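Peer 1: Just dropping this structure here.
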């Protein structure tokens, strides 16, 4: 880093933020405003124009897509003899909401996020994953695709993602199904046939409907479990 | 293009393919094998290893993601004051299956695809959209992200996508479907499976039946909305 930039960084009111970002990123940001925006949850944002706030949601939209592409490229090259079904499944595990929340905490982003805590009973952990995605959006805009790609490969995938675990640990069928449906642009609906919340036996009955056809039907006292069951049936029936 | 490359291109057995690609892309491919692969549908592919064929499906997985990122970046910059909900909706219209099929035909890819026609009653038009996505995957691997981005912006979005239409035309799927059905002289019926008028949850369940086959199934509290939903499913399923 040239000396004049160092001096500017040293005297900047954003000194602490810059130092933290330098630690996380391995480089100094050029446009610090982008990174500040990436760390601002909508609960702490101001309205800047009708319908738009200066929160990280737009950057999250962009960053999420950049991560998807970088991971697609990584998997394409790492597994030259695997079909696109395998690649899709691996990617959906690598970029899951849960994984992004974990990564954000490992990077230390959770301590840097600007959010209005009064709005939450307890802060939802998705705030962390959202900030991670927005951070990637900021890097992409600030430094370009190649730079963002290097960051994701060297500082995320190689360090924070256990590829063995990703490859061999059993799947979340709901994510697997949804990833497939989105890729194939299918219309799907987890249709609640019976909502057990207030019924005496508390049983949920669900249908999973794809393009008008019921491809899964299950009953369980846990709605989440029922969702997994119908998703697993769908995966088997549709050979996902 | 350097003279030795021109000469090689001229004498190459792939002369015709190279010339067509040059026309479509605006540049000569470096790794022609990637583009050949992008144009090979799985019906015409050989098995190269257990579970994997040398078809365009892996490239399609990659290209689909690259297109999503390029379009996200484009929309992010074009609409600085729109929220991520708007951006998401716009992108989904720009990268729809129908749009990709159209683009492929406009580029002339449909005449270049290697497919085994014996396998189809009539060739599904999604083959075209898949080849377009795979082509973008090939460009990305051959020339890098920036190059693929330029191609998508200059040769696709600026030329083949009407942004006014994307932004302002709210797609009325019911009209679109009925117009098609009348033109094609198809028998159709918006069949009310459950009339929610007098039921406690007020839900309507509809089937859209075309020539005896259910091509759409939806449930909604608004009958009009349910009609739109089944029509949209039909348009997607029948590739209208």
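Read-outs: derived from the displayed coordinates by stated rules, not from any lab. What you see is a predicted model, and the numbers here were worked out from it, not measured in a lab. Don't worry about glycine lacking a Cβ; one is built from the backbone with ideal geometry, like all the others, and counts go over all protein chains shown.
Peer 1: If neighbour count is taken as other Cβ atoms inside 10 Å, put A:229, B:163 in order from fewest to most.
Peer 2: Going from sparsest to densest Cβ surroundings: B:163, A:229.
Peer 1: Based on the mean of other beta carbon atoms within 10 Å per residue, what is the order of A:83-95, B:61-73, most packed first?
Peer 2: Top of the packing list down: B:61-73, A:83-95.
Peer 1: Could I ask something else about it? Looking only at other chains, what is the average number of their beta-carbon atoms within 10 angstrom of each beta-carbon in B:212-225?
Peer 2: Counting other chains' Cβ atoms within 10 Å and averaging over B:212-225 gives 2.
Peer 1: So for A:180, B:180, fewest C-beta neighbours within 10 Å to most, what's the order?
Peer 2: So the residues, fewest neighbours to most, are B:180, A:180.
Peer 1: At q = 0.18 Å⁻¹, what is the base-10 log of I(q)/I(0) for segment B:196-240 according to the Debye formula with one equal point scatterer per Cα and no solvent? Please give it to two decimals.
Peer 2: Each listed q corresponds, in turn, to -0.50.
Peer 1: Which angle from 0 to 90°, rounded to the nearest 10, does the C-alpha axis of helix A:126-143 make with the longest principal axis of chain A?
Peer 2: 50
Peer 1: Nearest 5 is fine: what % of DSSP beta bridges in the protein assembly as shown come out antiparallel, could you say?
Peer 2: Percent antiparallel among DSSP bridges in the protein assembly as shown is about 95.
Peer 1: Here's another thing I want to ask about it. Describe numerically, in nm with one decimal, the distance between label points set 7 Å from Cα along Cα→Cβ at residue A:15 and at residue B:116.
Peer 2: It works out to 7.0 nm between the two label points.
Peer 1: Kindly express, to the nearest 10 degrees and within the range 0 to 90, the angle between helix B:223-237's C-alpha long axis and the longest C-alpha principal axis of chain B.
Peer 2: Tilt of helix B:223-237: around 30 degrees.
Peer 1: Calculated from DSSP H runs of 4 or more alone, at -39500 (n - 2.57) each and per residue, what is the 222 nm mean residue ellipticity of chain A, nearest 500?
Peer 2: The per-residue figure over chain A is -16500 deg cm²/dmol.
Peer 1: Among B:80, B:200, B:29, which one moves the most in a GNM of chain B with springs linking Cα atoms closer than 10 Å?
Peer 2: Highest fluctuation of the listed residues: B:200.
Peer 1: Comparing A:212, A:51, A:26, which has the greatest mean-square fluctuation in the GNM of chain A with Cα pairs linked when under 10 Å apart?
Peer 2: Residue with maximal mean-square fluctuation among A:212, A:51, A:26: A:51.
Peer 1: Label-to-label distances across copies for residue A:27, with labels 7 Å out along Cα→Cβ, in nm, shortest first?
Peer 2: Nearest first, the other copies' label points are 2.1 nm away.
Peer 1: Is segment B:49-198 rounded, prolate or oblate when judged by the Cα gyration tensor, a ≥ b ≥ c being the square roots of its eigenvalues, rounded requiring a/c under 1.5 and prolate requiring a/b larger than b/c?
Peer 2: Oblate is the answer for segment B:49-198, as a/c is 1.5 or above yet b/c matches or exceeds a/b.
Peer 1: Mind checking the angle between helix A:97-107 and chain A's longest principal axis? C-alpha axes, 0 to 90 degrees, to the nearest 10.
Peer 2: 30
Peer 1: Peptide A:139-148: average number of partner chain Cβ atoms within 10 Å per residue?
Peer 2: Mean shielding by partner chains, rounded to a whole number: 2.
Peer 1: Find how many whole Å separate the alpha carbon centroid of segment A:23-52 from the alpha carbon centroid of segment A:67-99.
Peer 2: What the calculation gives is 28 Å, centre to centre.
Peer 1: In addition: Work out the mean other chain Cβ neighbour count within 10 Å for the residues of A:52-65 and drop it here as an integer.
Peer 2: 5
Peer 1: A follow-up question, please. Can you say what percent of the DSSP beta bridges in chain B, counting only those with both residues inside, are antiparallel? Round to 5.
Peer 2: Percentage antiparallel, nearest 5: 95.
Peer 1: For chain A, set up a Gaussian network in which alpha carbons nearer than 10 Å are linked by springs, and say which option among A:37, A:206, A:135 fluctuates the most.
Peer 2: A:206
Peer 1: Using only the Cα atoms of segment A:110-222, build the gyration tensor, take square roots of its eigenvalues as a ≥ b ≥ c, and label the shape rounded, prolate or oblate: rounded if a/c is under 1.5, else prolate if a/b is larger than b/c, else oblate.
Peer 2: Note, shape of segment A:110-222 comes out prolate.
Peer 1: Using the count of nearby Cβ atoms within 10 Å as a rough guide to exposure, how do B:191, B:213, B:60 rank from fewest to most?
Peer 2: B:213, B:191, B:60
Peer 1: Here's something else I'd like to know. Distances from residue A:106 to the same residue in each other copy, label points 7 Å out along Cα→Cβ, in nm, shortest first?
Peer 2: Ordered by distance, the counterparts are at 4.2 nm.
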